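Before any comments, here is the structure.
The values are calculated or read from the model by the stated rules, or taken from the named source; none is laboratory data. All values derive from a computational prediction rather than experimental measurement. Using ideal geometry, Cβ is built from the backbone for each residue, glycine included, and neighbour counts are taken over all protein chains shown.
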Amino acid sequence: MGVVETRVKEKNKVSVFRNIGLNWPMLENYEDHYNGRIWLLWNPTLFHVVRLCSTSQLLHVQVKVLQSNFCFYATVIYASNDGSCRQLLWDKITSLATTIDCPWIVFGDFNNVLVAEEKEGGELIHPREIMGFQECLHNAGLVDMAHTGCQFTWSNKSEGDHRIATKIDRSLVNEAWLDKCGQSISLFLTPVLSDHSPCVVVWPDRVSRREVPFKFFNA
């Protein structure tokens, strides 16, 4: 389970985590950002997770599904609101891609649409706002996982002429992931407490013959 935009100060991390009620291991990126913008929790009876690197905008790990020994890389994203900072993220994703030759999923809040049609309301998208993201995915060999649910994953919760909605949360995968987990799907659910859609990634485990869930929440 990945949680981004936690807004939890490091000194409060333990008490907040205890209130969640899960006795699971956790990784975060407080060493890269004072707010620890990304948390990654997992069920240790299902997964073995190894931290590889992190920045203020991502947490990169290697994951093994214990029952089947299926291994993959996972990168949890919480992109900056600042365009110049996001370019650093695009460069980092592109760099990580050169080190990966097995299944890889990159998911979270990218704070950027990929095409102009992924925004409804507000100011029109200028091509320069999406060019860097598009080039990143092309160079990294990443594409959208098949998905269903909410068309727009964030909104300002306004109505009528004041409504703005975008698709800025997504699950991206490489060709190796599609080869191994071609039937995987991202389910973007209706927002409840947050202004973002929660996402559940599900893929069939061919060895154990069961579906393996991986959840992403933007707090």
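Some observations on this one:
- Here the strands (runs of 3 or more DSSP E) wholly within the stretch 1-53 that include at least 1 residues being modelled with pLDDT of 85 or more are 26-28, 38-41.
- Test: residue in the stretch 147-158 that is at pLDDT 95 or above, touching a strand residue (DSSP E or B) at 6+ places or on another chain (Cβ under 8 Å), among the β-branched types (Val, Ile, Thr) and surrounded by 16 or more Cβ atoms within 10 Å (Cβ to Cβ): no
- None of SER184, SER158, SER171 is over 19 Å from the mean Cα position of the chain (by Cα) and hydroxyl-bearing (Ser, Thr, Tyr) except SER158.
- No other residue among ASP109, ASP169 is in contact with a Ser or Thr (Cβ under 6 Å, 6 or more places away or on another chain), in contact (Cβ under 8 Å) with a residue 24 or more places away in the chain and of a type in the set (Asp, Glu) apart from ASP169.
- Yes/no for LEU114 being among the aliphatic types (A, V, I, L, M) and part of a helix (DSSP H, G or I): no
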